[in-house]
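Read-outs throughout are calculated quantities, based only on the coordinates presented, and are distinct from any laboratory measurement. Model, not experiment: these values are computed from the prediction. In this analysis, Cβ positions are derived from the backbone assuming ideal geometry, glycine residues included, and neighbour counts consider all displayed protein chains.
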Amino acid sequence: MQQNEPPRFDELLAGARRSAIHLEMRDEYAVPDETDDYRRWRATGNRDVDPASPYWAPWVEMVRTATARGVVMRRVRIVSEPVSDYIQYEHTGTVVNVLAGEEVRWLARDQTVGLLVPAMDGWLFDDAQLLLNHFTGTGEWAARPMELCTDPGFVTAYADAVEAVWGRAIPHDQYKIR
């Protein structure tokens, strides 16, 4: 693993030419940019799903820019069932990810039996660069939140694992919350 400060996510996405794939495996995240929206959703049941809103617009623009130049963006989420409140919140907002141009799939954790699943969430760019996400046990960013890995053996193993998960996962429009 490389120990230097990794490039920012937006820089890595801007440099991607073929693919950007995100593996998410936590049932709870507590990252600052979602705090207000999540709190509002818990209080009201209403989620911001306006792709032009200040919350979503930067993400939608990044995804649309990447996909317009031919980058395939995929996101696969491994979730425990019954799902947590946070996963219900994520599921509700995924309509915007899909509208922006991401392909999104869901896989129940009990359906991962027989798969070698990585220990960490990460973004895989062009099967060559892997941005690992470090979280605390409560879902907050760790002291060193991201780590860039370019070791071909490790990146290939991670990519193979993600493809195996993707192959079992259910497309967003077919996944029903349980």
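Quick notes
- Rounded to the nearest Hz, the phi-derived 3J(HN,Hα) couplings of segment 124-137 under the Karplus curve 6.51 cos²θ - 1.76 cosθ + 1.60 (θ = phi - 60°) are 10, 10, 6, 6, 10, 10, 10, 9, 7, 9, 9, 10, 7, x, where x marks glycine and proline.
- Built amide H within the under 5 Å cut-off of residue 103, gap 5+: 73, 74, 75
- Rounded to 5, the percent of DSSP beta bridges in the chain classed as antiparallel: 55
- Extension gain, residue 142 back to residue 17 (0.36 nm per residue minus Cα-Cα distance, nm): 42.1 nm
- Within the shell of other residues whose beta carbon sits under 13 angstrom from the beta carbon of residue 138, the net charge comes to -2, with Lys and Arg scored +1 and Asp and Glu -1.
- Look at 116, 99, 13, 124 and count the other Cβ atoms within 10 Å of each Cβ; fewest to most, that gives 116, 99, 13, 124.
- Cα-projected label distance for residue 177 with residue 109, points at 7 Å along beta-carbon direction, nm: 1.8
- Here's how it looks for residue 135: its modeled amide H is under 5 Å from those of 142, which are all 5 or more places away or on a different chain.
- Percent of alpha-carbon pairs separated by more than 24 Å within segment 24-169: 35
- For segment 140-156, putting each phi into the Karplus relation 6.51 cos²θ - 1.76 cosθ + 1.60 with θ = phi - 60° gives couplings of 8, 4, 6, 4, 10, x, 9, 9, 8, 10, 10, 4, x, x, 5, 4, 5 Hz, in residue order, rounded to whole numbers and with x for Gly and Pro.
- Förster radius 25 Å - calculated FRET efficiency between residue 28 and residue 154 (Cβ-Cβ, nearest 0.05): 0.40
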